[in-house]
Amino acid sequence: MAFTLPSLPYDFAALEPIIDSQTMQIHHGKHHGGYVSNLNKAIEGKSDIEKKSIEALIADLPSVPDDIRTAVRNNGGGHANHAMFWQIMAPPGNGGGGEPTGELLSAINSHFGSVAELKAKIADAGAKRFGSGWAWLVVKGGKLVVGSTANQDNPRMGDAIAGFSGIPILGVDVWEHAYYLKYQNRRPDYLAAWWSVVNWAKVAELYQAAH
Ligand code: MN
């Protein structure tokens, strides 16, 4: 198998009460698991694609054969997006929540004015994304930028495909499957609560690697 479903770096219940255990089980096992399995089916036997990293694969969709490009976009994007999503979360009060520090904090303050303003921009991007998608903080040309994408598009796919581009360092899943059991239709409540599980140390690590 070219791609594998990564284990969660914590228990299914570890993000309670912000994200409930049942949501985590279904989200990781069924949704992310489904993206990995459908991606592998789409690229089966194509060894040049199977040996790429997921980031390299989704960043070069024009090179993917026409007949599997949509499957790779949707399922490869789904795999990349969720693999990062699990990593940038941690149990509330035990790696999750609090505030960014160091160079990342300085960059946020210089680009957005404050962490509160960054959070407001992410909440706005997530709330305004109609239907399913993701809200992102990316590094682009040395700058921090907030935006959103539809479905499982990832900013690495570029503007022409995803309508937004950059190297993602934080992303929040606004598909209903990410929050509906606990928050039902209240996406803004989920987005507000989500900051309590954000692993800023991991986001800082991604920031260091991205600029
Ligand atoms: Mn999801």
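The chain: Rg/Rh from Cα coordinates, Kirkwood Rh?
Rounded to two decimals, Rg over Rh is 0.95.
In Å and from the alpha-carbon atoms only, list the Rg and Dmax of the range 21-87.
Spelled out, the Cα radius of gyration and Dmax of the range 21-87 are 12.2, 39 Å.
Given the DSSP H assignment, sum -39500 (n - 2.57) over each helix run of at least 4 residues in the chain and divide by its residue total; what's the result at 222 nm in deg cm²/dmol, nearest 500?
That calculation yields -12000 deg cm²/dmol at 222 nm.
How large is the charge dipole for the range 102-210, taken about the Cα centre, if only the Cβ atoms of Lys, Arg (+1) and Asp, Glu (-1) carry charge, to the nearest 20 debye?
My answer is approximately 120 debye.
Of the candidates ALA56, ALA150, ALA80, which one comes out as most mobile in a Gaussian network treatment of the chain with C-alpha springs shorter than 10 Å?
ALA56
Rank VAL138, VAL115, VAL36 by mean-square fluctuation in a GNM of the chain with C-alpha springs under 10 angstrom and give only the top-ranked residue.
Of VAL138, VAL115, VAL36, the most mobile in the Gaussian network model is VAL115.
For a quick check of your reading of the filter: which chymotrypsin sites (Phe, Trp or Tyr not before Pro) in the range 117-211 sit in a DSSP loop and have no more than 12 other Cβ atoms within 10 Å?
For chymotrypsin sites (Phe, Trp or Tyr not before Pro) across the range 117-211 that sit outside H, G, I, E and B with at most 12 neighbouring Cβ atoms in 10 Å, the list reads PHE130.
Order these by the 10 Å Cβ neighbour count, fewest first: LEU8, LEU105.
LEU105, LEU8
Using Cα springs under 10 Å in a Gaussian network model of the chain, which residue among ALA127, ALA160, ALA59 shows the largest mean-square fluctuation?
Looking only at ALA127, ALA160, ALA59, the largest GNM fluctuation is found for ALA160.
Give, rounded to the nearest 20 debye, the magnitude of the charge dipole that the chain has about its Cα centre when Lys and Arg contribute +1 at Cβ and Asp and Glu contribute -1 at Cβ.
Magnitude of the dipole: close to 240 debye.
Compute the signed sum of charges (Lys and Arg +1, Asp and Glu -1) over the other residues within less than 14 Å, Cβ to Cβ, of TYR35.
Residues near TYR35 contribute +1 overall.
Excluding same-chain residues fewer than 8 positions from LYS121, which lysines have a Cα within less than 22 Å of its Cα?
LYS140, LYS143, LYS202
What is the ratio of the Cα radius of gyration of the range 102-210 to 2.2 N^0.38 Å, where N is its residue count, to two decimals?
1.03
Every number here is computed from the coordinates shown, using simple stated rules; none is lab data. Because the structure is predicted, anything quoted here is derived from the model rather than measured. Virtual Cβ from ideal backbone geometry, glycine too; neighbours counted across all protein chains shown.
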